[in-house]
Each structure stands twice: as structure tokens, then as C-alpha cells.
Amino acid sequence: MSKKLLKNAYVLISADDDVEKFDILIDEDEIEDLLASGDSTEVNLGEVEEYDLSGKLIVPGFINTHSHSVMSYFRGIADDLSLNDWLFKEMLPREDFLESEIAYYGALVSILEMISNGITTFVDMYMFTDQIAKAAYDLGIRAYISRGLSFDTDEGWNRRIKENIETYEKYNGLDSRIYIGFGPHAPYTVPMDKLNEVAEIAKKYNTHIQIHLLESANERKQYNLLDVENTGLFDLPTVAAHCVHVDEKDIEVLSRKEVNVAYNPVSNMKLGNGIAPIVDMLDKNINITFGTDGCASNNSLNFFNEMKFGGILQKYKYGPDRFSVEQILRMSWENGGFALETNIGRLEPEFKADLVVLDMDSFEFFPNDLSRLKSHIVYSANPKNIFATMVAGKFLYYDGEFLTLKEEKEQIYEKFHKFYQRIEDKYNNSDYSDSHNDDRDI
Ligand code: NI
């Protein structure tokens, strides 16, 4: 049976609509129709699988435009360190101990966390992209994945490009759900001529770019956004993460090149990088979306936190009358769809059936006043209010259960912890960690 009917729920079609009661008819991976509640019993829909979702609120699935899913192993390692120590003493040495199977289970755990938090699409940059793509494919989530590309030697660079292309050739377009782009890490880790090379390759493969831009203050001294623009990179569909330290001229560049920005408020604040000038960028018509960043700097993949903290930070910066609930929801939904050039982020016919079912029978949604539900989603809700998550017409999560697991949940968690321990043991026995411990002891 390929058709599904979600009945009796309240529906928020998009950020700018009002909440109304509709029955949602889904055919394969798309929304076929929205029927006035009650009408669906009077028209002949043929054979459909019905779901009674009384007392529930259906909204578009959240689109997470920046993450590093394998980093689930690194949650809670280094909460109180400078960016430099965090990266060079804790992250990079551990990353040396990752292997394919380890990466697969790291990505799997992050994707499960995202699904249970209402995220239906994620944009990911890391190593082991074939394993991330496989994990995303196996679980049924929508994913845009790219190999993190940094330059050290020509040999290392060429190997990473080759891996990126191999993942592209194997996974791009799979199930109309998995897409592979190219991920030059940042202009301070990739020289301009290499950014130009990535632009040429991505153009040839007709795919997207993911990059970190102006995340920390000292990056301003390291490169100029005009030079990045001249590499041709921004001529491709690009998601730029962070953009915290952009000035007026940078905003001009992002605006004229239609670069999509991933706002990562929790990660930016936790690493002490500051508040991105989102309202200024919106005023210049830049398409802004939300990203969680990885577990190592966030430490959770909780989209509700991004909306709430992201919202209150902009209010703190610009005043309480700026940055409306609708603006925040647009950034969470259709702006993500716009960035990824895909019909997601709205619950309309011909859009993908990517949606989240929220349980209104909880304190976070009291009072159940329809005119306040958008506010409840942004400023009150949390992941425990998620009843179900659907991607491409398939429920991946329903009433506390994951429905697309290829092996037992307990087995996945056990393997994750076994691999976690393996990384830690190797780290603790390595020379690097010895010197790290010495440092700490001093
Ligand atoms: Ni990042």
C-alpha cells in the first residue's frame, strides 16, 4: 500500500500559515493532497493506510543544515577548553583512531538522535562519507553529505578529493534522498587555488558546496571573502556554516552570490565565538537556515535548542521586537528547502512527505490555543514532544520506536560504546595524550 492518510490532526502547512485541521494524503514519497478534516471519509481515496492522529500537531520536518554526524563519540569530551585546545588536543588526535565501521555507528547514533528530535534532513561534512551515506540510506533520513577537504600535502589533498568523488559516484541521488556535495573545510585550511579546484570539480558534477566561513574572530585576519568569491566557489549552491564575524562587505558578497548561511547559535556560543548578525543578513535577503554543528561542540542535536537560543540571542543583540517566531520557523523549514533546492519544508501537494508529529497533550503545548502553537514550537517545545517523524512518506520514528533499524537497537548501542571505548583506549595510550596529560597536570 503506497498511500497513507494522516487523519484528525492539526496541521501547520508553513511558517506563515495558521494552524488548521487537515487530513494529509500521502502518495509514495510526496504529499498528494490536504483534505478538509472530515472530507476524506466522503471521497473515494482507494486503498490507504490510515493513521488517527487526534490531539497531534503536524509540522514540516526540521532541516539541519550543518552537522558532523560521526562526532557523536566526542560528546562531552572537552566542554571548557579554548577552540585551539579543543581542536588540537582533544578532537584531532581522536579522529586519527576512527575507522570505517566505527564511523558508521557514530553516524547511525547521531541520525537516530536527529530523527527522534524531529530532524528529517541533515547536511553533513566529515571523513568516511561513504559510511555516513550508508547510515543515512539505511535509516531513511534525507541527507546532503560532503567530504571535509583540508589541504596539507598534494598527496593528502588528492586522496580526499578522490574519496569525495567515490562517495558521489556511489551514493549521489540514491533513493532521491541522498546527495553528495564537496566540503572544502574553510578558507584558512584550504588555499585559494585549491578552493578554485573544488569549484571546478563541483561544477563538473553539478552538486553543492559546504564550507565553514568566518566562524571565529581571528579568521578575519586569515582570508578575505572577496578572494573566496573570486575562486568561483560561490557560483555553486553553497551552504556556509557560522558566518559569525561577517562585516558589511562580507554580507554584500554573501548576498550577491546567494550563499545560504547555516546559523549555529549553540555551537557558536559554547566555543565562545559570538553572535552571528543574522538580522543584518536577513535584511540583505540572505537565505538563513539552522544547523546544530557536531556533538563535540554543541553537545546535542536538539533542533529546539537552536530555534530558542538562536531566537533569544538575536533579540538580545537587536532588541525584542526583531526576529519573529515566523522568521525562526521559516529558517527551520522552507529556507532549508530553498538552500538544498528541494521541495521540502512545507506541507503542500508535490512537496516531499517529510514531517513531524508533535504531541499537544503535554505541558509545553498548554494552553492548546491554536494561535499560540507556533510560539510553543519555537520557545517551549523539546524533543520529548515528538510523537513521530516521517521522511519521504515513511515513518522512521513512531510513538517512541525506531521503525527502520537494520539491527536491534541494543546491539547498535552496544557497538557504539565498544567503539567509543576503543577510541578512548587508543587515545590514552598514545604519545599525544601523554603530552596532553602533562599539559593538564601543569
Ligand atoms: Ni562545523
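Annotations
- Test result for residue 14, surrounded by fewer than 20 Cβ atoms within 10 Å (Cβ to Cβ), touching a Lys or Arg at 6+ places or on another chain (Cβ under 6 Å), under 26 Å from residue 329 (Cα atoms) and modelled with pLDDT under 95: no
- Residue match in segment 380-388 (condition: in contact with a Phe, Trp or Tyr (Cβ under 8 Å, 6 or more places away or on another chain), aromatic (Phe, Trp, Tyr) and within 16 Å of the ligand (Cβ to nearest atom)): no
- Residue list for segment 97-122, filter: over 15 Å from the mean Cα position of the chain (by Cα) and part of a helix (DSSP H, G or I): 100, 101, 102, 103, 104, 105, 106
- For segment 319-427, the strands (runs of 3 or more DSSP E) that sit wholly inside it and include 1 or more residues that are hydrophobic (A, V, I, L, M, F, W, C) and over 26 Å from residue 175 (Cα atoms) are 355-359.
- Failed item in (1) more than 30 Å from residue 134 (Cβ to Cβ); (2) free of Cβ contacts under 8 Å to residues at least 60 places away in the same chain, with residue 15 passing the rest: (2)
- Evaluating residue 305 against the criteria (1) in a helix (DSSP H, G or I); (2) surrounded by 20 or more Cβ atoms within 10 Å (Cβ to Cβ) leaves one unmet condition, (2).
- Condition check for residue 315: of a type in the set (D, E, K, R), more than 28 Å from residue 400 (Cβ to Cβ) and either more than 16 Å from the ligand (Cβ to nearest atom) or part of a helix (DSSP H, G or I) (or both): yes
- Only one entry in 334, 350, 326 is modelled with pLDDT of 95 or more, away from the ligand (no atom under 16 Å from the Cβ), surrounded by fewer than 16 Cβ atoms within 10 Å (Cβ to Cβ) and closer than 24 Å to residue 141 by Cα, namely 350.
- Subset of segment 32-56 [at pLDDT 90 or above and either surrounded by 12 or more Cβ atoms within 10 Å (Cβ to Cβ) or within 15 Å of residue 3 (Cα to Cα) (or both)]: 32, 33, 34, 35, 48, 49, 50, 51, 52, 53, 55, 56
- Residue count, segment 198-219 (criterion: of a type in the set (Ser, Thr, Tyr) and either modelled with pLDDT under 95 or within 16 Å of the ligand (Cβ to nearest atom) (or both)): 1
- Of all residues in segment 60-102 being away from the ligand (no atom under 16 Å from the Cβ) and among the acidic types (Asp, Glu), the one that is farthest from residue 242 (Cα to Cα): 101
- Filter result (in a loop (DSSP other than H, G, I, E, B) and either away from the ligand (no atom under 16 Å from the Cβ) or under 24 Å from residue 179 (Cβ atoms) (or both)) within segment 220-245: 222, 223, 224, 231, 232, 236, 237, 243
- Answer residue from segment 272-297, given it is of a type in the set (Val, Ile, Thr) and within 15 Å of the chain's Cα centre (by Cα) and is nearest to the ligand (Cβ to nearest atom) among those: 292
- Among (1) in contact with a strand residue (DSSP E or B) (Cβ under 9 Å, 6 or more places away or on another chain); (2) more than 11 Å from the ligand (Cβ to nearest atom) - the single one residue 267 does not satisfy: (2)
The values are calculated or read from the model by the stated rules, or taken from the named source; none is laboratory data. Small disclaimer: the values here were computed from a predicted structure and weren't measured. Note: ideal-geometry Cβ built from the backbone for every residue, glycine included; neighbour counts use all protein chains shown.
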